[in-house]
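This report concerns only the one structure given below.
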Amino acid sequence: MYVAVKGGERAIENAHAWLAEERRGDQSVAELSVDQIREQMSLAVDRVMSEGSLYDPDLAALAIKQSRGDLIEAIFLIRAYRTTLPRFGGSEPIDTAEMDCDRRISATFKDLPGGQVLGPTFDYTHRLLDFKLAADGETPEVNERPAEIEAMPHVTGFLNREGLIEEAVDASDAPPRDLTREPLELPADRSLRLQALTRSDEGFTLGMAYSTQRGYARNHAFVGELRIGTVPVEMDIPELGFAIEIGEINVTECETINQFQGSKTEPPQFTRGYGLVFGQTERKAISMALVDRALRWEELGEDFVGAPAQDAEFVLYHADNIQATGFLEHIKLPHYVDFQAELELVRKLRREVQAEETLEAAE
Amino acid sequence: MGLLSKSPKGRAAELFAPLNVSAEFDWVRNPEIGSVMVRGRAGGTGAPFNLGEVTVTRCALRLSSGQVGHAYVQGRRKQDAETAALIDALMQTDAASEVQRGVLDPLAEEMRAAKATRARKAAATKVEFFTMARGED
């Protein structure tokens, strides 16, 4: 018999009021403002924007405040808000060669045009807790040097000249498939895979990328180039009849160069993996590039060696933390009726087993 | 228009306010917040793919003298979109040179200066390699 039940309204209301109080914490401590989060927790803001698939630092900072710093909850809030926005259109593809770079490094070429620019990096810090930060908020004076107007060409372009690396060209400028508008269906072309990867969970993607480095898919990757900086976003405006800049975003781009022995269809050459992510998110961008490369086994004529990172279905269907957490967390919600059925079943099975045992003992 | 789309919040209005320019208008399209899907290219130069959306505010208005101004500005900024559309319309009138001098030029200069400061900070983190004695002598 199914009995519909209601209840818990007051408990829920009280729980939410308490949540708000706990979020605020000790009231003798100053409250965090959204501006403070946006300016001082900027890498958390960047993660929420990239995995939330919506570039808006103010909204991401608000989401972090509301979620008490639970970034997946914050990403959930951003994804939910995103669905309420009318879409004005799609931009022209951004031109990362024109980036105003805060950081630009190559692990493959020491003396490259434009140079190795470290930018505001954690690299080469000693990873020792800095107790000065707890004591005061003073920042050191930042040195400046005259900036030469110097082009920063993509590193893969040099290798291209010798024909040592596969080219990344595609004549078709057809609008790419969009997994926010249609369900993610396999087989997924590279464009769809890149969209799924750029909004994928950083931890999952890092784990997958790490597995390829440890030997699950045999791809030894070099960071050919990593760049972080701002690029303008242009869109064609129908009422104007031409394209204008509608904004500027901060992105991280990673191009990996992978050794490739050649296959039945391709000569020995270097192949490429690509990562492009909103914000300053270099761990994610490098991970994305490694996983992108592993997923390209089929188009490069490589063998499927059974590695998880080569399996598009496995990677793409488990990389989205909002889908994952939605399904995972729903099991904590009431399943009283389901469980009642399971309980009945187990009781019945036990009765049958016991009856058989009694019968056997009697014989 | 590109300049106004990226300008810091409220800055264009601050520069515009002291100008003695009449700004009567009717809405053609009320300020509206939406998104634009930003695209990238695989490998930087290959096939386009969807990177994620960016919030954008747009509007259109008509001056009492008839000129129509459009605006698309990044973020959720209805007031800034209004200012941007107004400036776009005024740039088609006799007030163009005053608006150029009073709003667009200083805005461009401020944004150029901010970018240049960042570029100089980045330049100070550029690595200069030097070769240690190689011990061959």
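Can you give the angle from 0 to 90° between the axis of helix B:105-123 and the longest principal axis of chain B, with both taken from C-alpha atoms, to the nearest 10? Approximately 10 degrees, to the nearest 10. Beta bridges from DSSP with both residues in the protein assembly as shown: antiparallel share about 90 percent, rounded to the nearest 5. Spacing of the modelled spin labels on A:ALA30 and A:LEU128, each 7 Å from Cα toward Cβ, amounts to 2.9 nm. Rounded to the nearest 10 degrees, the inclination of helix B:78-90 to the longest alpha-carbon principal axis of chain B is 70 degrees.
With +1 on each Lys and Arg Cβ and -1 on each Asp and Glu Cβ, and nothing else charged, work out how big the dipole of chain A is about its Cα centre, in Debye to the nearest 20. Display every interim value, and only then the final one.
Details: 37 positive and 66 negative charges, 156 e Å.
Roughly 760 debye, rounded to the nearest 20.
The calculated FRET efficiency for B:ALA116 paired with A:HIS16, based on their beta-carbon distance and R0 = 60 Å, is about 0.80. Among A:PHE260, B:PHE49, A:PHE158, A:PHE122, a tally of other beta-carbon atoms within 10 Å of each Cβ gives an order, fewest to most, of A:PHE122, A:PHE158, A:PHE260, B:PHE49. Shape verdict for region A:35-173, please, from the Cα gyration tensor: rounded (a/c under 1.5), prolate (a/b greater than b/c) or oblate. Cα axes put region A:35-173 in the oblate bin. For the pair A:ARG347 and A:ALA135, the difference between a 0.36 nm per residue extended length and the Cα-Cα distance amounts to 70.1 nm. The angle between the Cα long axis of helix A:42-52 and the longest principal axis of the Cα atoms of chain A comes to about 70 degrees, rounded to the nearest 10. Beyond 32 Å in Cα-Cα separation lie the following of the pairs A:LYS132/B:LYS121; A:LYS65/B:LYS9; B:LYS78/B:LYS115; A:LYS284/B:LYS9; A:LYS332/B:LYS9: A:LYS332/B:LYS9. Overall, region A:31-87 carries a charge dipole of about 240 debye about its Cα centre when +1 sits on the Cβ of Lys and Arg and -1 on the Cβ of Asp and Glu, all other atoms neutral.
For chain B, taking Cα atoms only, Rg and Dmax work out to 21.5, 84 Å respectively. In a simple Cβ point-charge model (Lys, Arg +1; Asp, Glu -1; nothing else charged), region A:1-54 has a dipole of about 260 debye relative to its Cα centre. Counting every pair of alpha carbons in chain A, the share spaced more than 38 Å apart comes to 33 percent.
No lab work stands behind these numbers, since they all come straight from the coordinates. Everything quoted here is computed from the prediction, not taken from an experiment. Positions of Cβ are backbone-derived with ideal geometry, glycine not excepted, and every protein chain shown enters the neighbour counts.
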